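The structure under discussion appears below in the form of structure tokens.
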Amino acid sequence: MRSSLRIVLGLAVAFLVGPSSGGAPPDQPAKPPANTPTAEESAGKEFAATAAWLEKAYAGAQPPESVRMFIAISRGSMMGPGEGWFGPAQSRYSWNWLAHRHGVDPGKGILAQQFRGSKEWFARLDRNRDGILTADDFDWSEKSAFVRQMGQAQQWLSLVDSNGDRKLSKAEWDALFQKVSQGKDFLDAEDVRALLFPTQPRQLGFPSGMPSKAILFKGLLSGELGSPREGPRVGDAAPDFTLKSPDGLKNVQLSKLIGPKPLVLIFGSFT
């Protein structure tokens with residue numbers, strides 16, 4: 001598989017660098033024959049063929065991150081949710097784990113009186129507020145009705161939240177009611193439509209374009225997008241590391257922080 005990865009990276013480098021110089025002078029560019037595919041079109045076909053070959057080579061096995069990213073980029077992915085290395089989140093504390101702890105069938109549910117915890121924790125876990133914990137309450141995938149509804153709710157809240165604190169206070173709600181009702185003491189169907197679907201502010205300037213395939217490949221080769229090394233899986237020990245503190249005055253080592261208190265590691269891009 002190492003040789004296959006070298007082939008993949010070689011194709012990516014060739015795509016980024018482009019055809020080698022030579023041939024006609026710069027002021028006399030050579031004209032390709034009619035119906036001759038461009039270098040980018042030829043590279044696109046080679047990438048598509050390589051992506052198919054890699055999927056066949058890894059049939060029945062999970063490809064490394066770098067290979068999954070290469071396959072996705074080769075086929076025109078813009079690295080959205082569920083593409084490339086972006087898979088569903090994993091946790092050892094799943095619905096099956098909770099159902100087993102409570103001795104119930106995972107296909108059924110846990111009622112409030114069966115829950116071995118506080119009322120507050122039950123309320124937090126019962127995301128759809130139907131009074132019973134089921135697998136739906138633990139589904140964070142794009143297929144989850146709750147996730148889709150929360151996305152719509154957050155988008156609506158961002159449009160009507162006047163101070164940007166992601167909350168709608170009573171004062172803000174009253175002001176919103178007065179604005180939508182236009183002086184009436186009630187809301188009719190047209191007012192409710194305006195409330196649920198407020199007009200979005202116009203975007204000034206030109207929207208930024210999506211990154212090109214070349215930029216995505218550069219990110220893959222430089223390590224900014226994905227990684228040739230797999231991270232730890234659920235249940236694996238986190239690798240020890242040493243980093244500078246935010247003020248840069250001391251070193252922080254993971255192994256020295258592990259002890260009786262819980263330790264949470266959060267990695268992400270904040271640029």
Quiz item: R0 = 25 Å: FRET efficiency of H102 with K261, Cβ-based, nearest 0.05?
Solution: 0.40
Quiz prompt | Ranked list, fewest to most other Cβ atoms within 10 Å of each Cβ, for D137, D105 | solution = D105, D137
Quiz item: Taking a 26 Å limit on the Cα-Cα distance, which of the listed pairs K108/K143; K119/K167; K56/K213; K56/K143 fall beyond it?
Solution: K56/K143
Quiz item: Between D188 and R75, what is the label-to-label distance in nm when each label sits 7 Å out along the Cα-to-Cβ direction?
Solution: 5.2
Quiz prompt | Fewest-first ranking of Y93, Y58, using other Cβ atoms within 10 Å as the exposure measure | solution = Y93, Y58
Quiz item: What ranking do M69, M210, M78 get, fewest neighbouring Cβ atoms within 10 angstrom at the top?
Solution: M210, M78, M69
Exercise. State, as an integer percentage, the relative contact order of region 95-138 based on alpha-carbon contacts under 8 Å between residues 6 or more apart.
Key: 39
Quiz item: Which length gain, in nm to one decimal place, applies between L249 and A112 when the Cα-Cα distance is subtracted from 0.36 nm times their residue separation?
Solution: 44.4 nm
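Values quoted throughout were computed directly from the atomic coordinates according to the rules given, and no laboratory measurement underlies them. Note that the structure is a prediction, hence the values are computed from the model and not measured. Because the Cβ atoms are built from the backbone with ideal geometry, glycine has one as well, and the counts that use them run over all protein chains shown.
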